[in-house]
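Reading through the structure tokens given below for one structure.
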């Protein structure tokens, strides 16, 4: 004598379709709510993933950078750089670091090979540099300790410079000229690449690396106009856990060297990543709450419309009861109808959300992680919404008195 | 045909309107046998609608006993009453009470859905009953596309489709013109001849005279049992 689930769903569907416009309007609220959940959650996750990827490209989470502190106005005019002696002092104080690599940049310099003239960024570095940057040499070799000790006139160049100066020709052993001195090319760095799409168009955010020229630091200090000034250097901790501690240690060493003044700014990739993650968590929570509110509002809209539907169909309820519908049958009929609205709204929201992600992801060049979990979570939320907000109208409908329903005009 | 299908003893129905109690039925005793064609007459406010609701198991008496087809219905739960309505009672209303958004075949099918019948059986049975009532060529029509007389025939089909023990008709011709009213009364007579037990509630003497028994109700009490059969 019970109305089967299948029958209830069929009755629910035919009711649903008999009032198409109302159904579509009601669904809309749920579609928007589900869509915003999917889009926001995936967008935040995608941004986070891609920033993390960017950090890994730049040498991973164990990297610590020391450089100019822009926030410090230096009233006592202390040196904002380390000379090589000071640098070695610092390096000796942190033997636990995996590598320490200073860089002396002599900004942009003109480099030539024969008649080809290009600009590149000339850097004096130590042999450790490629290991810290996790950057490989694609041709030849990198600078060695021997090059350092002998102050050899050798260079390693970036892949773009190689193309511009030499094209497809053999490059190892060739010579380039910088500040009227000839250097032998001993290696070419691998091309570095990180795709990002900005308002200006698609771009390789790491292209400037491919215009670098590396010269042994000793050579650069002694044989060019570059001074004995190390403005930046990079340290690599051996494990992620040690990174934060090492950063603090380096900070106190540098404070000691500069009479306690924060002349240098020391940042660790690990801490930046942590900060970023806690930042996005707040962002995610805020947006989840906003989505929840919009779903809640959608739920109230549905409840309202279902109440109106129950009212409007009082007579029908009476007729159905007169021909044998039990209270549970009526309850189920209205609950199923609400569920059909919320679940189909949820499904449409998921489809729309995923297509927006596809579109937006392509546009800003970030891989969106929609994910099946997200889809299931949204569906469960939509169904729960239907159960919660459909319950009261359904109970109200099933508690009606058949005699009164039949007299209802 | 001596089987007692419907027996009531001292049925009382009170309604409370605020603090005032209104006694709609005041001790109804009656017996209706299988195959009877009974009309219940009375002016409006006499309690005849209340009596019909109780006889049709839409409502329960305040006190007294009611046996339908051997079952003590006055003490049943609401879902059990729904099952009784489904299996043993067929209603025909003055205002037809069809569902406007469903076609007539679907309308006739509804009681069978709640009876848990398979879809194929339901379609078969509903078409057969509609055929019997001369509506076999309009199965896909909505009620609004039919005349009043045709609509009432659909309602009769819906009442008949579960083969109920009793058919309860409340002013079945009240909304119809004379011709289609007579048409419906002929159908009801026909159903009676086929062995159905029928109760018609009406205030119209012409209708009542077609029954083989007339029960008159005034102020919640039965006045007279004019047994014509």
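With (1) out of contact with any strand residue (DSSP E or B) (no Cβ under 7 Å at 6 or more places or on another chain); (2) closer than 30 Å to residue B:193 by Cβ; (3) away from every other protein chain (no Cβ under 14 Å) as the list, and residue B:7 as the residue in question, which single condition is left unmet?
(1)
Look at residue B:156 and say whether it is within 19 Å of the chain's Cα centre (by Cα), more than 10 Å from chain A (Cβ to nearest Cβ) and at pLDDT 95 or above.
Numbers: within 19 Å of the chain's Cα centre (by Cα): yes; more than 10 Å from chain A (Cβ to nearest Cβ): yes; at pLDDT 95 or above: yes.
Against the criterion (within 19 Å of the chain's Cα centre (by Cα), more than 10 Å from chain A (Cβ to nearest Cβ) and at pLDDT 95 or above), residue B:156 qualifies.
Yes/no per residue for (1) in contact with a strand residue (DSSP E or B) (Cβ under 6 Å, 6 or more places away or on another chain); (2) surrounded by fewer than 19 Cβ atoms within 10 Å (Cβ to Cβ); (3) in a helix (DSSP H, G or I):
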{"site": "A:22", "(1), (2), (3)": "no, yes, yes"}
{"site": "A:39", "(1), (2), (3)": "no, no, yes"}
{"site": "A:71", "(1), (2), (3)": "no, yes, no"}
{"site": "A:78", "(1), (2), (3)": "no, yes, no"}
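Identify the single condition in (1) surrounded by 15 or more Cβ atoms within 10 Å (Cβ to Cβ); (2) at pLDDT 90 or above that residue B:203 does not satisfy, given that it satisfies every other one.
(2)
Filter the range B:53-67 down to the residues that are crowded, with 22+ Cβ neighbours inside 10 Å and out of contact with any helix residue (DSSP H, G or I) (no Cβ under 6 Å at 6 or more places or on another chain), then identify the one that is farthest from residue B:154 (Cα to Cα).
Taking the candidates together, the pick is B:54.
Given (1) touching a helix residue (DSSP H, G or I) at 6+ places or on another chain (Cβ under 6 Å); (2) farther than 21 Å from residue B:190 by Cα; (3) away from every other protein chain (no Cβ under 13 Å), where does residue B:122 come up short, assuming only one miss?
The failed condition is (3).
Suppose the filter is over 22 Å from residue B:223 (Cα atoms), at the interface with chain A (Cβ under 10 Å from one of its Cβ atoms) and not in a loop (DSSP other than H, G, I, E, B); does residue B:58 pass it? Spell out how you get there, then give the answer.
Working: over 22 Å from residue B:223 (Cα atoms): yes; at the interface with chain A (Cβ under 10 Å from one of its Cβ atoms): yes; not in a loop (DSSP other than H, G, I, E, B): no.
The answer is no for residue B:58.
Looking at the range B:82-113 only, could you name the residues that are assigned to a helix (DSSP H, G or I) and under 17 Å from residue B:5 (Cα atoms)?
Scanning the range B:82-113 gives B:84, B:85, B:86, B:87, B:88.
Just to be sure I understand, how many residues within the range B:172-184 are assigned to a helix (DSSP H, G or I) and either modelled with pLDDT under 90 or in contact with a strand residue (DSSP E or B) (Cβ under 9 Å, 6 or more places away or on another chain) (or both)?
Number satisfying all stated conditions: 1.
Sort out for me the strands (runs of 3 or more DSSP E) sitting completely within the range A:115-164 that have 1 or more residues that are buried (at least 19 other Cβ atoms within 10 Å of the Cβ) and without any contact (Cβ under 8 Å) to a residue 60 or more places away in the chain.
A:154-157
Looking only at the range B:32-49, how many residues end up being surrounded by fewer than 22 Cβ atoms within 10 Å (Cβ to Cβ) and either under 16 Å from residue A:406 (Cα atoms) or in contact with a helix residue (DSSP H, G or I) (Cβ under 6 Å, 6 or more places away or on another chain) (or both)?
1
Hey, residue A:342 hits all of (1) in a helix (DSSP H, G or I); (2) within 14 Å of another protein chain (Cβ to nearest Cβ) but one; which does it fall short on?
(2)
Is it fair to say residue A:382 is part of a helix (DSSP H, G or I), farther than 29 Å from residue B:116 by Cα and either out of contact with any strand residue (DSSP E or B) (no Cβ under 9 Å at 6 or more places or on another chain) or free of Cβ contacts under 8 Å to residues at least 40 places away in the same chain (or both)?
On the way: part of a helix (DSSP H, G or I): yes; farther than 29 Å from residue B:116 by Cα: yes; either out of contact with any strand residue (DSSP E or B) (no Cβ under 9 Å at 6 or more places or on another chain) or free of Cβ contacts under 8 Å to residues at least 40 places away in the same chain (or both): yes.
Yes: the conditions hold for residue A:382.
Quick check, is residue A:269 in contact with a strand residue (DSSP E or B) (Cβ under 8 Å, 6 or more places away or on another chain) and buried (at least 22 other Cβ atoms within 10 Å of the Cβ)?
yes
Determine whether the range A:323-330 contains at least one residue that is away from every other protein chain (no Cβ under 14 Å) and free of Cβ contacts under 8 Å to residues at least 60 places away in the same chain.
No, the conditions are met nowhere in the range A:323-330.
On the given criteria, is residue A:319 farther than 18 Å from residue A:385 by Cβ, assigned to a helix (DSSP H, G or I), in the same structural domain as residue A:27 (by TED's automatic domain parsing) and in contact (Cβ under 8 Å) with a residue 60 or more places away in the chain?
For residue A:319, the condition - farther than 18 Å from residue A:385 by Cβ, assigned to a helix (DSSP H, G or I), in the same structural domain as residue A:27 (by TED's automatic domain parsing) and in contact (Cβ under 8 Å) with a residue 60 or more places away in the chain - is met.
Filter the range A:274-316 down to residues that are within 14 Å of chain B (Cβ to nearest Cβ) and either in a helix (DSSP H, G or I) or closer than 15 Å to residue A:33 by Cα (or both) and give me whichever is nearest to the chain's Cα centre (by Cα). Explain how you work it out, then say what you get.
Here is the first cut: in the range A:274-316, the residues within 14 Å of chain B (Cβ to nearest Cβ) are A:309, A:312-316.
Going one step further and asking which of them are either in a helix (DSSP H, G or I) or closer than 15 Å to residue A:33 by Cα (or both), we end up with A:309, A:312, A:314-316.
Values: A:309: 46, A:312: 51, A:314: 54, A:315: 56, A:316: 55 Å.
Step by step, filter the range A:274-316, then rank; the result is A:309.
Tally the residues that are crowded, with 20+ Cβ neighbours inside 10 Å and more than 14 Å from chain A (Cβ to nearest Cβ), restricting the search to the range B:75-85.
The number of residues fulfilling the criteria is 0.
Of the numbered conditions (1) outside any helix (DSSP H, G or I); (2) surrounded by fewer than 17 Cβ atoms within 10 Å (Cβ to Cβ); (3) under 16 Å from the mean Cα position of the chain (by Cα), residue B:190 satisfies every one except a single condition; which is it?
(1)
Answer yes if at least one residue in the range A:14-31 is under 30 Å from residue A:178 (Cα atoms) and out of contact with any helix residue (DSSP H, G or I) (no Cβ under 9 Å at 6 or more places or on another chain), and no otherwise.
No, that holds for no residue.
The values are calculated or read from the model by the stated rules, or taken from the named source; none is laboratory data. Here the structure is a predicted model, which means the values were calculated and not measured. So basically every Cβ, Gly included, is an ideal-geometry build from the backbone, and we count neighbours across all protein chains shown.
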